[in-house]
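Undergrad: Quick one: structure below, then a few questions.
The values are calculated or read from the model by the stated rules, or taken from the named source; none is laboratory data. Since the model is a prediction, treat every value here as computed from it, not as a measurement. So basically every Cβ, Gly included, is an ideal-geometry build from the backbone, and we count neighbours across all protein chains shown. Side chains included, ligands, DNA and RNA excluded: accessible areas come from the protein's heavy atoms. Shrake-Rupley method; radii C 1.70, N 1.55, O 1.52, S 1.80 Å.
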Amino acid sequence: TLIDPTRRSRVVSPIVRRIAQEAGFDAAHLVGSGPDGLVVKSDVEAAIAAMKPQQQASA
Amino acid sequence: MADHTFDLVVLGGGSGGYAAALRAADLGSRVALIEKDKLGGTCLHRGCIPTKALLYSAEVADSVRDAEKNGIIVSFEGVDTERLAAYRDSVVARKFKGLEGLVRARGITVVQGSGRLVGPSSVAVGDDVYTGRNLVLATGAVARTLPGLELGGRVITSNEALQLDSIPSSVIVLGGGVIGVEFASLWRSLGAEVTIVEALPHLLPAEDEAISKGLERAFRRREIDFRLGVPFRSARETESGVQVTLDNGDEIEAELLLVAVGRAPVTAGIGLEDAGVQLERGFVVTDERLQTSVPGIYAVGDIVAGPQLAHRGFQQGIFVAEEIAGLAPTVVDDALVPRVAYCSPEVASVGLSEAEAIARYGAESVSAVSSYEYSLAGNARSEILGTNGVVKIVRLADGPVVGMHLLGARVGELVGEAQLTVGWEAHPEDVAPFVHAHPTQNEALGEAFLKLAGKPLHAL
Amino acid sequence: MADHTFDLVVLGGGSGGYAAALRAADLGSRVALIEKDKLGGTCLHRGCIPTKALLYSAEVADSVRDAEKNGIIVSFEGVDTERLAAYRDSVVARKFKGLEGLVRARGITVVQGSGRLVGPSSVAVGDDVYTGRNLVLATGAVARTLPGLELGGRVITSNEALQLDSIPSSVIVLGGGVIGVEFASLWRSLGAEVTIVEALPHLLPAEDEAISKGLERAFRRREIDFRLGVPFRSARETESGVQVTLDNGDEIEAELLLVAVGRAPVTAGIGLEDAGVQLERGFVVTDERLQTSVPGIYAVGDIVAGPQLAHRGFQQGIFVAEEIAGLAPTVVDDALVPRVAYCSPEVASVGLSEAEAIARYGAESVSAVSSYEYSLAGNARSEILGTNGVVKIVRLADGPVVGMHLLGARVGELVGEAQLTVGWEAHPEDVAPFVHAHPTQNEALGEAFLKLAGKPLHAL
Ligand SMILES: Cc1cc2nc3c(=O)[nH]c(=O)nc-3n(C[C@H](O)[C@H](O)[C@H](O)COP(=O)(O)OP(=O)(O)OC[C@H]3O[C@@H](n4cnc5c(N)ncnc54)[C@H](O)[C@@H]3O)c2cc1C
Ligand SMILES: Cc1cc2nc3c(=O)[nH]c(=O)nc-3n(C[C@H](O)[C@H](O)[C@H](O)COP(=O)(O)OP(=O)(O)OC[C@H]3O[C@@H](n4cnc5c(N)ncnc54)[C@H](O)[C@@H]3O)c2cc1C
């Protein structure tokens with residue numbers, strides 16, 4: 001799954017963390033594509049993009 | 001009486017006003033910028049720029065005095081006040097020319113003259129009326145004095161202080177705020193005997209107490225005298241100078257008295273009340289989006305209560321231009337506006353002091369807020385520069401950094417990093433992976449973050 | 001032969017080694033730190049610290065020469081090389097004392113002597129063997145020379161250059177990298193005639209070309225001579241100096257020749273190969289978590305190929321200590337290690353140059369990368385300091401800032417802000433709401449971000 005609350009991926013950017021927070025999830029729950037599983041901005045952006053159709057479907 | 005119509009009319013061409021004008025023009029508006037004196041306002045002509053030029057000369061004088069310690073043999077022959085003035089003026093002139101060029105390049109109509117509100121969307125300048133779909137008030141502030149203390153002669157404000165053609169042998173500085181400590185520092189470096197009088201218990205009373213105390217120690221070493229926690233009672237001119245009497249009866253005498261007790265907004269006699277613009281203690285009342293009580297009229301800069309700083313004016317000016325353009329910009333948070341005092345040593349800060357953080361977040365539990373002070377004694381670059389000081393970081397428990405407070409030579413330049421850290425709500429743990437460049441002073445910030453993240457390197 | 005058992009044995013007490021030792025001790029390990037010379041290594045005794053002390057003296061000399069322009073009247077009487085040396089040494093001594101105190105306070109066992117690997121977990125020092133559950137290799141680097149160019153006499157490295165008891169009247173600096181340009185700048189400020197010889201087409205060839213070119217302009221103004229793109233052919237000592245012949249036949253002569261062509265890892269003759277530690281061109285090969293080909297043996301600092309910088313050593317040392325402790329720290333990304341050259345004007349950068357960004361991200365489309373250069377001519381504080389330069393920011397289209405490149409007096413201190421911006425993948429739009437303090441140099445960063453975010457204030 002995209003967002004797994006048991007996952008504790010690494011996040012070092014407050015900015016990355018905030019974008020995720022604003023989209024309603026915790027960036028650390030993603031799989032990171034950065035060095036050593038680091039969650040980078042594009043991971044959060046991809047997750048948000050992937051969530052969009054889902055939200056529309058459920059709405 | 002001629003009528004002129006614009007999208008935006010800005011009253012006052014200082015930091016706040018010209019920023020609004022530049023940004024609005026950039027966004028496609030036709031803008032009139034009304035200025036009775038010179039574009040650039042206080043900051044450029046009587047504030048930030050000339051003071052910082054003189055303070056740099058003071059820094060040069062200090063480093064010349066210490067040069068022998070660094071192996072550079074010089075003899076200090078004094079201050080050439082004419083060259084000092086020429087240097088100060090050349091810096092101002094060049095920035096002024098740059099600003100005029102920018103304003104011209106963006107096609108802004110500059111109206112020279114004193115403006116007065118004559119309705120909810122019109123400003124009169126002499127016989128001309130400038131009407132805008134929106135107005136921005138940006139008339140700034142001027143030095144105030146205390147009741148019973150008349151300005152004039154040997155009792156001066158920063159305006160006259162900047163124009164002195166000699167260095168006074170002694171000065172009393174009334175007010176230990178930013179302007180007071182900057183002039184005290186400047187004059188001391190140039191050879192004057194200086195005494196600061198401050199009614200509150202600390203220099204820079206708005207800063208974190210650790211910083212104020214550190215600055216007091218440093219000023220004591222520099223033999224800058226100060227009387228804290230004692231209100232001013234009266235002053236009278238003598239033959240050779242000014243005699244000041246404090247509330248406790250103490251008397252001090254000096255060649256000059258600089259009154260630096262704050263700056264009052266320029267809002268009287270320009271038709272604001274008649275147009276329905278609400279004032280409070282002289283300041284223009286606005287909502288958090290900087291709109292006054294009259295829809296369509298905005299206010300920016302020193303006339304809006306809050307930190308009176310040029311870059312706050314810039315930020316508010318940009319905000320208002322974007323707000324009017326419908327861009328829904330982010331509200332300017334006064335607590336996130338960085339503050340720098342260019343005295344020696346410098347002071348820089350952003351966000352909350354420890355006391356403010358505890359007042360705001362620590363009501364329920366004392367451990368809600370923690371702080372750490374890293375002494376610049378541990379920082380190699382500061383050792384090289386021969387400066388002392390401290391980096392103090394205030395954080396919420398397991399939470400973001402909410403305040404950063406710096407003291408030491410050149411620390412003003414570190415405030416950009418501090419501002420992003422606090423502004424982006426970083427946790428010390430977010431900074432810790434980024435080990436700072438060695439040997440820099442910004443490494444001291446890095447060390448403080450490491451310590452707060454539980455990973456001290458060059459600290460116990 | 002005595003056996004000593006520890007949790008961690010660190011070979012080499014420089015930046016990388018002592019950082020690993022300090023952090024491991026902090027995390028509860030029993031640590032032996034083996035050092036054949038002095039704790040602190042190259043950086044403290046022969047690198048960062050003494051050079052930056054001398055460069056500060058050079059800065060003082062420059063500001064003394066310009067002081068008259070600032071209204072401060074002085075006469076420059078020369079350089080007192082004894083006091084210069086005393087100043088340099090006092091800075092080193094104080095930092096050395098601090099480091100010794102830290103190492104003692106954390107209960108680290110310091111072993112004085114030359115160590116040699118004698119197995120996958122043991123280091124011999126004379127008759128003693130130190131065995132650890134883990135080993136950290138941190139033996140650092142030493143100046144290298146070119147084939148056919150023998151060191152000695154008037155052909156010196158930074159080690160000798162730091163110990164000179166006079167200022168040479170003229171110097172040829174072989175190598176336009178960081179160490180080369182720093183010494184060139186230093187000697188020029190102290191009065192020498194300087195020529196830099198660099199085989200690549202630019203000074204600081206690893207930096208963004210805009211910065212290299214700007215530095216070249218500045219050096220030209222300072223009358224520092226340089227020959228770029230011409231390899232060195234040979235050198236011979238003459239009666240009064242050294243004569244250098246370039247590949248194009250040109251001959252240059254000077255009192256001294258400083259060889260600054262890079263630093264070679266110290267990995268030979270200490271038992272690495274025998275223990276199975278894989279090397280490549282002399283560097284220790286590690287995985288991204290800094291483990292060598294022998295499980296349990298790690299390597300940090302200048303012996304690991306990558307930017308040879310003290311704070312990279314710190315960061316790697318901390319990383320390895322935490323890795324061993326099972327804390328799973330964040331991998332150190334060499335591209336995010338900030339770089340500062342303390343020449344006059346200073347150079348500072350972090351992340352990718354424009355060319356690197358285009359190579360990495362711009363293959364498909366040229367518009368994938370954009371950049372902006374803000375001239376310090378627009379920055380009031382730089383005008384006050386009398387410096388020129390540039391802030392160059394490289395970003396991905398609609399994406400984060402991936403590189404920041406700075407040139408100008410004192411810009412080294414701005415690298416902290418640059419580092420967090422790039423490290424945290426900020427977009428210029430994330431920085432734009434935070435208008436920087438006026439008048440600072442970090443405001444130039446702010447202006448560049450504003451421009452890239454489409455909101456220029458003090459720029460066209
Ligand atoms: C000595 C000193 C040092 C300072 N140093 C710093 C510093 O280092 N950093 C910093 O951030 N801030 C500093 N400040 C504060 C800074 O100068 C102000 O915050 C800033 O100038 C406020 O901008 P403003 O646009 O609100 O007002 P102002 O800059 O005061 O501009 C107002 C303009 O409006 C014009 N005006 C007023 N009324 C009318 C009218 N009726 N018609 C037409 N024109 C009118 C005035 O002539 C003036 O040009 C300093 C101030 C002083 C006095
Ligand atoms: C002139 C100059 C200026 C520099 N300026 C800067 C700067 O401003 N900023 C910056 O970041 N970097 C700077 N550097 C680079 C910096 O000094 C190095 O990156 C840093 O010292 C590397 O740390 P290290 O721990 O890898 O190695 P080192 O600091 O070289 O330490 C290695 C230590 O290991 C010891 N050792 C070696 N072999 C053995 C053995 N067999 N047994 C026992 N002990 C051993 C050595 O005695 C030495 O103390 C500069 C370098 C030079 C030469």
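Undergrad: How many of the residues making up the range B:226-254 are of a type outside the set (A, V, I, L, M) and buried (at least 18 other Cβ atoms within 10 Å of the Cβ)? If you could, list the steps in order and put the result at the bottom.
TA: Filtering the range B:226-254 for residues of a type outside the set (A, V, I, L, M) gives B:226-227, B:229, B:231-234, B:236-241, B:243, B:245, B:247-251, B:253.
Add one more test, that the residue is buried (at least 18 other Cβ atoms within 10 Å of the Cβ), and what stays is B:226-227, B:232, B:241.
Matching residues across the range B:226-254 total 4.
Undergrad: With the requirement that a residue be farther than 10 Å from residue B:120 by Cβ and either of a type in the set (Phe, Trp, Tyr) or open to solvent by 40 Å² or more (accessible area, probe 1.4 Å) (or both), what does the range B:287-296 give you?
TA: B:287, B:288, B:289, B:291, B:293
Undergrad: Between a residue in the range B:419-437 that is among the hydrophobic types (A, V, I, L, M, F, W, C) and any residue that is within 16 Å of ligand 1 (Cβ to nearest atom) and open to solvent by less than 10 Å² (accessible area, probe 1.4 Å), which pairs come within a Cβ distance under 8 Å, given they are 6 or more apart or on different chains?
TA: Correct list of pairs: B:422/B:350.
Undergrad: Six or more apart or on different chains, Cβ under 8 Å: which pairs go from a residue in the range A:2-27 that's more than 14 Å from every other protein chain (Cβ to nearest Cβ) to one that's open to solvent by less than 60 Å² (accessible area, probe 1.4 Å) and modelled with pLDDT under 85? Could you list them?
TA: Every condition considered, no pair remains.
Undergrad: Under the condition of being more than 10 Å from ligand 1 (Cβ to nearest atom) and under 16 Å from residue C:443 (Cβ atoms), which residue from the range B:297-353 is surrounded by the fewest Cβ atoms within 10 Å (Cβ to Cβ)?
TA: It comes out as B:336.
Undergrad: Among the residues of the range B:370-389, which ones are touching an Asp or Glu at 6+ places or on another chain (Cβ under 7 Å), more than 11 Å from chain C (Cβ to nearest Cβ) and either open to solvent by less than 20 Å² (accessible area, probe 1.4 Å) or part of a loop (DSSP other than H, G, I, E, B) (or both)?
TA: Of everything in the range B:370-389, just one residue is touching an Asp or Glu at 6+ places or on another chain (Cβ under 7 Å), more than 11 Å from chain C (Cβ to nearest Cβ) and either open to solvent by less than 20 Å² (accessible area, probe 1.4 Å) or part of a loop (DSSP other than H, G, I, E, B) (or both), namely B:374.
Undergrad: Only one residue in B:190, B:204 is open to solvent by less than 40 Å² (accessible area, probe 1.4 Å), touching a helix residue (DSSP H, G or I) at 6+ places or on another chain (Cβ under 8 Å), within 14 Å of chain C (Cβ to nearest Cβ) and away from ligand 2 (no atom under 16 Å from the Cβ), so which one is that?
TA: B:190
Undergrad: Still on this structure, I have one more. Take residues that are within 12 Å of ligand 2 (Cβ to nearest atom) and either open to solvent by less than 20 Å² (accessible area, probe 1.4 Å) or in contact (Cβ under 8 Å) with a residue 12 or more places away in the chain (or both) and tell me which of the strands (runs of 3 or more DSSP E) falling wholly in the range C:88-182 contain 3 or more.
TA: Once the strands (runs of 3 or more DSSP E) in the range C:88-182 are filtered for at least 3 residues that are within 12 Å of ligand 2 (Cβ to nearest atom) and either open to solvent by less than 20 Å² (accessible area, probe 1.4 Å) or in contact (Cβ under 8 Å) with a residue 12 or more places away in the chain (or both), what remains is C:109-112, C:115-117, C:122-125, C:128-137, C:141-143.
Undergrad: Return the total of residues in the range C:82-103 being more than 7 Å from chain B (Cβ to nearest Cβ) and either within 24 Å of the chain's Cα centre (by Cα) or under 27 Å from residue C:387 (Cβ atoms) (or both). I'd like the intermediate steps shown before the answer.
TA: Start the filter on the range C:82-103 by keeping residues that are more than 7 Å from chain B (Cβ to nearest Cβ), which leaves C:82, C:85-86, C:88-90, C:92-93, C:96-97, C:99-101, C:103.
With the extra rule that they be either within 24 Å of the chain's Cα centre (by Cα) or under 27 Å from residue C:387 (Cβ atoms) (or both), the set shrinks to C:85-86, C:88-90, C:92-93, C:96-97, C:99-100, C:103.
Total satisfying the criteria: 12.
Undergrad: Being more than 15 Å from residue C:423 (Cβ to Cβ) and crowded, with 24+ Cβ neighbours inside 10 Å is the filter here, so list the residues in the range B:422-442 that pass it.
TA: B:422, B:438, B:439, B:440, B:441
Undergrad: Still on this structure, please answer the following. Which members of the range C:42-65 meet the condition of being within 17 Å of residue C:81 (Cα to Cα) and touching a residue at least 60 places away in the same chain (Cβ under 8 Å)?
TA: Across the range C:42-65, the qualifying residues are C:50, C:51, C:52, C:54, C:55, C:57, C:58, C:59, C:61, C:62.
Undergrad: To continue, here is another question. Would you check if residue B:53 is within 7 Å of another protein chain (Cβ to nearest Cβ), within 16 Å of ligand 1 (Cβ to nearest atom) and open to solvent by less than 10 Å² (accessible area, probe 1.4 Å)?
TA: It is true that residue B:53 is within 7 Å of another protein chain (Cβ to nearest Cβ), within 16 Å of ligand 1 (Cβ to nearest atom) and open to solvent by less than 10 Å² (accessible area, probe 1.4 Å).
Undergrad: Considering B:198, B:209, which residue is among the acidic types (Asp, Glu), crowded, with 24+ Cβ neighbours inside 10 Å and over 15 Å from residue B:58 (Cα atoms)?
TA: Numbers: B:209 fails: crowded, with 24+ Cβ neighbours inside 10 Å.
Sole residue among the options that is among the acidic types (Asp, Glu), crowded, with 24+ Cβ neighbours inside 10 Å and over 15 Å from residue B:58 (Cα atoms): B:198.
Undergrad: I've got another one for you. Filter the range C:399-421 down to residues that are more than 9 Å from chain B (Cβ to nearest Cβ) and farther than 15 Å from residue C:448 by Cβ and give me whichever is surrounded by the fewest Cβ atoms within 10 Å (Cβ to Cβ).
TA: C:399
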